[in-house]
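Structure record follows, encoded as structure tokens.
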Amino acid sequence: MDARILRAIDLMESRMDRNLSMEALAAEVGLSLFHFHRLFLRSVGETPAEYLRRIRLDGAALRLRWTRQPVGEIAQALGYCSQAAFTRAFGERFGMSPLRFRKDSLMWPPLPVDGRLQHAASERILPSYCCVARRFFGSLKFVPQCWRRFVHELPEFVRPIAPGPYIGLMYDDPRFTPPEQIRYDCCVVVDEEGLAEDPARLARHELRELRIRPGRYVCQPHHGGYIDVGKSYSRLLDHWIATSSYSLTEDPAIEWYEARPPRDASGALDILLMLPVS
């Protein structure tokens, strides 16, 4: 993916509370509006405006379900000039008002949880980690292939400074984000002092530098196959967060790999699911 498009994605995702102009964003990454629109659409499958609108509304859906923020505060935090404008946009995407979405449990059916999964959730304070990451879009069934590509194609200038661990960043909930639009970052922790690379050199390999948010996380171990990861998420969200005093933050969920990710979906996982909370 073009370095300028990677930069634009980072800017959008870090500035969702602002009134972003596509013209100004294009200029900031060194492109004309025409070429920015063309490159973004080719790389992501959506126009910049469509992408920004979608991630704002999907972020709103997460906040409606997993925080106690009033609707007006959510609208303001996601860059909407008024609650009415937010309600209208939310209804166009989800077919209902934000309040109905928040109260409608049928929109959020818990996945069945069985005795094979670990029950114990725990808390952890995580420091900030410097990572090299690669963004993937698509169905979660392709996550094993994403990891295989990421590990196999990690360039030689990164490998010596990448002791690990490997970290997956999960931005969307597949219960309402269409499979082809789900965002997932494959990351490896790197030695920050050794990472002195030009962002353009990283971007030639579709990589970028990012930092994991420090702070409090609620954690759930998952031991087993990829097929049951969703159940572990459901246990943590629907059977723990939902009955706790915590609210999720806007940061992505973390999948912390205790060992190198398996090469295919048949491999056993030993990961820690970590949800950022306040």
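Please treat every number below as a calculation from the coordinates, not as lab data. Keep in mind that this is a model prediction, so the values were computed, not measured. Methodologically, a virtual Cβ is constructed for each residue, glycine included, from the backbone with ideal geometry; neighbour enumeration extends over all protein chains shown.
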Between residue 216 and residue 24, the two model label points (7 Å from Cα along the beta-carbon direction) sit apart by a distance in nm of 3.4
Using a Förster radius of 35 Å, what is the FRET efficiency between residue 104 and residue 46 based on their Cβ-Cβ separation? Nearest 0.05, please.
0.85
By average Cβ neighbour count within 10 Å, what is the ranking of 12-23, 89-100 from highest down?
89-100, 12-23
With +1 on the Cβ of every Lys and Arg and -1 on the Cβ of every Asp and Glu, the dipole magnitude of the chain about its Cα centre, in debye rounded to the nearest 20, is 660
Of every Cα-Cα pair in the range 211-278, the percent that sits beyond 19 Å:
35
Extension gain from residue 180 to residue 125, taking 0.36 nm per residue of separation minus the Cα-Cα distance
16.5 nm
Stretched fully, the stretch from residue 201 through residue 69 gains (0.36 nm per residue minus C-alpha distance, one decimal, in nm) 43.5 nm
Label model pair residue 145, residue 243: point-to-point distance (7 angstrom along the Cα→beta-carbon line) in nm is 3.9
So in the chain, which Cys have no other cysteine's beta-carbon sitting under 4.7 angstrom from theirs?
81, 130, 146, 186, 219
Let me check the size of the chain from its C-alpha atoms; what are the radius of gyration and Dmax in Å?
18.8, 55
Measure out, as a whole number of angstrom, how far apart the alpha-carbon centroids of the range 217-238 and the range 138-210 sit.
21
